[in-house]
Amino acid sequence: MNEPVSQPMNQNLQIAGQASLRNAQIGGIAGRDLTVTQIQGQVVNVSVRDPLDLSGMLGQVAVMTHQPLTQQDYRQRQVLLNKVKQFWITGVLARSLYTQVFLELQLKLEDDAVNRPFSQYQEIGNSRPSTAQPGITEIFNQMGAGRTLLILGEPGSGKTTTLLKLAQNLIARAEEDLSRPIPVVFNLASWTQKRLALVDWLIEELHHSYKVSPCLAQGWVEEQQLLLLLDGLDEVGTGERSNCVQAINQFMDSHGTTEIVICCRQQDYAVLPLRLSLQGAICIQALPPQHIQHYLEQVGQPLDGLRAWLEKDAALQAFARSPLNLSVMALAYQGLSVTELQKLDTSANRLSQLWRVYVERMLQRRSTIQHYSAAQIHKGLQILAQQLSRSSQTVFLIEQLQPNWCSPDQYRLYRWGVLLMGSSLFGLLGMSLGSLTGGGIGLITSGCILARSAARIKTVETLKWSTTVAMQRLLPSIWVGLPLGLAVGAVLGITGALENGILGGLGLGLVYGLCGGLVFSLIAGLKGSAIATKTTPNQGIFKSLQTALLIGGAGSIIGAGLGLLVSPNWLTLGLIYGLTVGFLSGGGQACLQHFTLRILLYANGTIPWNYARFLDEAAERILLQKTGGGYMFVHRQLRDYFAQQHSPSHP
């Protein structure tokens, strides 16, 4: 037997053996006295000069084993990379309010803001400004492999913009080598409602925001193929923020090579009882006076009034040191004289007054899209802001409209509307294909399915066939389909719709149960590993309709075939049953729910009928930003301003 061989490990651990690792890295231990003991190329012992718990280290090494990427893998990674680029760089960063004033902000190191692994081996100094003023990308690159970073700053200091500047450079790097980790931007605000383990939350966010199938998303997260850019820790509910920090730390313990950057407001982070276990932190500094002066001089005559006003008001100068405030002032106060500006400003509530003027000026802008009045846009954005704030959302997708936009009375009306609309549709369809008995099958089958519909609308968008998944789900699907089939058959037998009464109904129910099981396993097999290649407003609903038609057609063939095996008279009945089950379970139910909800919200004045056109017009007026198929306010402060408005009338 070979003697154990011990070798030191730096940033990159390369092990030759049965489980060869490619560029394996262990985050947070670069340059430490870590020793890996191998026997015949296999890791048998890990030791380190540190009392920290390394119980998960060997398991982590196993997770880092990667199979060679296939052409399909590269294709899916390219799609996700393009989505992140289009959503956040083209859609948000390029149209940011900061675009004009954001140069290279001063960054200050804040080493004491985080719990750094192996900090006893690192030189720790007081918080200090960077003498050479490196940019965010340079700072991040200098941290080495497995890097993790916290970005702090005051409200409006440019945290998200700094994060997206980093994302822009990381995306360019990943485009050159698709085997690198994929930088993906997430907003932690949505964690508040779900309170999931971070792994599960990331999988859900990849599915809902980027249209990645849960199967593919889970593989990317577990194999640590993503570089996580997490914005908005301060947007997590106050009572849940510490739990969110704990969830992130737990994720880091089990996914130690995943690189992470997190943004948070400095004051909100300072009061947390827990600290993030990251390698470093930086704090964005306020704009220096010379930066403000230089920007105003560059713009010239349109901001002469603002420049003269700033020279007279020291408090206003301090207010303008926020990049966001300066950007909004430049848009809201263009062309106004000092006298006009002094009439507009009330120093007691300067920020709210600034947003009020900004909104008024933006609503007065000439726009290529003009379908709504200023009052209609203001009211619609007020409702949207209140709903986003209540549900802890940042990006709004039309297809993700949920029944929680309704009051309790409206919600009951919505449930009845879905049931009546679906039952009537399939009852009439069944009657047209198979007389009264066919109508009864369509009515009862759709009623049973829709009566048990979930409160949340779930679209079905990504399709890729997987025989393995379909076979695994076959028996469980039959057990789900049998009660539904027997219920339909029993009702038809009892009501005398069948010749043999209840016995005929039970026989028909068994056939329907088998049909339903095959349809449900077909649906499971089609929800394979894939990512939607295109994202536009309402895409989720249109994709769900396409999926429903596809599975409904397959279900009708299965049902007709099984019915024909029993009796020629049952061919049409089986076709109607298979079509109804396939269409509703394959995405049609989500379409019915969404359509009913849109009608109800339009009828009570909550949303316009053409919601995408309304949101596009708000984006044209620089009140919203369009990110792929979604929309977000140009800044959280603007969303909060609208959400705090109590009157739907235009100010």
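Exactly one residue among 176, 104, 123 is modelled with pLDDT of 80 or more, surrounded by fewer than 16 Cβ atoms within 10 Å (Cβ to Cβ) and not small (Gly, Ala, Ser), and that residue is 176. Candidates 457, 449, 444: the one that is under 30 Å from residue 531 (Cβ atoms) and out of contact with any Leu (no Cβ under 6 Å at 6 or more places or on another chain) is 457.
For the stretch 249-272, taking the residues that are crowded, with 22+ Cβ neighbours inside 10 Å and hydrophobic (A, V, I, L, M, F, W, C), the one that is farthest from the chain's Cα centre (by Cα) is identified as 264. Screening 239, 256, 305 for residues that are outside any helix (DSSP H, G or I) and at negative phi leaves exactly one candidate, 256.
May I ask you to verify whether residue 372 is of a type in the set (Ser, Thr, Tyr), in contact (Cβ under 8 Å) with a residue 12 or more places away in the chain and assigned to a loop (DSSP other than H, G, I, E, B)?
In short, yes.
Every condition in (1) more than 25 Å from residue 230 (Cβ to Cβ); (2) at pLDDT 90 or above holds for residue 387 except the one numbered (1). Here the stretch 375-396 is the region considered, the condition is being assigned to a helix (DSSP H, G or I) and touching an Asp or Glu at 6+ places or on another chain (Cβ under 8 Å), and the residue that is surrounded by the fewest Cβ atoms within 10 Å (Cβ to Cβ) is 389.
The conditions of being assigned by TED's automatic domain parsing to the domain that holds residue 279, more than 16 Å from residue 229 (Cβ to Cβ) and either at pLDDT below 85 or buried (at least 21 other Cβ atoms within 10 Å of the Cβ) (or both) are met by residue 129.
Taken as a whole, the stretch 275-285 holds at least one residue that is touching a helix residue (DSSP H, G or I) at 6+ places or on another chain (Cβ under 7 Å) and closer than 29 Å to residue 642 by Cα. Listed by first and then second residue, the pairs linking a residue in the stretch 184-201 that is without any contact (Cβ under 8 Å) to a residue 60 or more places away in the chain and surrounded by fewer than 23 Cβ atoms within 10 Å (Cβ to Cβ) to a residue that is of a type in the set (Phe, Trp, Tyr) and in a helix (DSSP H, G or I), with Cβ atoms under 8 Å apart and 6 or more places separating them unless they lie on different chains, are 194/201; 197/251; 199/251; 201/191. Here residue 426 fulfils each of the conditions (1) hydrophobic (A, V, I, L, M, F, W, C); (2) in the same structural domain as residue 541 (by TED's automatic domain parsing); (3) under 29 Å from residue 211 (Cα atoms) apart from (3).
Residue-wise test of (1) touching a Lys or Arg at 6+ places or on another chain (Cβ under 6 Å); (2) of a type in the set (S, T, N, Q); (3) modelled with pLDDT of 90 or more; (4) buried (at least 24 other Cβ atoms within 10 Å of the Cβ).
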{"site": "572", "(1), (2), (3), (4)": "no, yes, no, no"}
{"site": "601", "(1), (2), (3), (4)": "no, no, yes, no"}
{"site": "606", "(1), (2), (3), (4)": "no, yes, yes, no"}
{"site": "609", "(1), (2), (3), (4)": "no, no, yes, no"}
{"site": "626", "(1), (2), (3), (4)": "no, no, no, no"}
{"site": "632", "(1), (2), (3), (4)": "no, no, yes, no"}
{"site": "635", "(1), (2), (3), (4)": "no, no, yes, no"}
{"site": "638", "(1), (2), (3), (4)": "no, no, yes, no"}
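Could you go through the stretch 351-359 and let me know if any residue there is over 14 Å from residue 642 (Cα atoms), of a type in the set (Val, Ile, Thr) and in a helix (DSSP H, G or I). Within the stretch 351-359 (the criterion being over 14 Å from residue 642 (Cα atoms), of a type in the set (Val, Ile, Thr) and in a helix (DSSP H, G or I)), the answer is no, since none of the residues qualifies. One residue stands out in the stretch 527-570 among those that are hydroxyl-bearing (Ser, Thr, Tyr) and touching a residue at least 24 places away in the same chain (Cβ under 8 Å): the one that is surrounded by the fewest Cβ atoms within 10 Å (Cβ to Cβ), namely 536. Determine whether the stretch 340-358 contains at least one residue that is out of contact with any Ser or Thr (no Cβ under 6 Å at 6 or more places or on another chain), farther than 30 Å from residue 309 by Cβ and surrounded by 15 or more Cβ atoms within 10 Å (Cβ to Cβ). No, there is no match, as no residue in the stretch 340-358 is out of contact with any Ser or Thr (no Cβ under 6 Å at 6 or more places or on another chain), farther than 30 Å from residue 309 by Cβ and surrounded by 15 or more Cβ atoms within 10 Å (Cβ to Cβ). When residues in the stretch 273-285 are screened for being surrounded by 23 or more Cβ atoms within 10 Å (Cβ to Cβ), of a type in the set (Gly, Ala, Ser) and farther than 17 Å from residue 141 by Cα, 0 of them pass.
No other residue among 573, 624, 615, 600 is in contact with a Cys (Cβ under 7 Å, 6 or more places away or on another chain), among the aliphatic types (A, V, I, L, M) and touching a residue at least 24 places away in the same chain (Cβ under 8 Å) apart from 600. Restricting attention to the stretch 267-285, the residues being farther than 24 Å from residue 323 by Cβ and polar (S, T, N, Q) number 2.
The values are calculated or read from the model by the stated rules, or taken from the named source; none is laboratory data. Quick caveat, the model's predicted, so the values are computed rather than measured. Note that we place each Cβ from the backbone using ideal geometry, even for glycine, and neighbour counts take in every protein chain shown.
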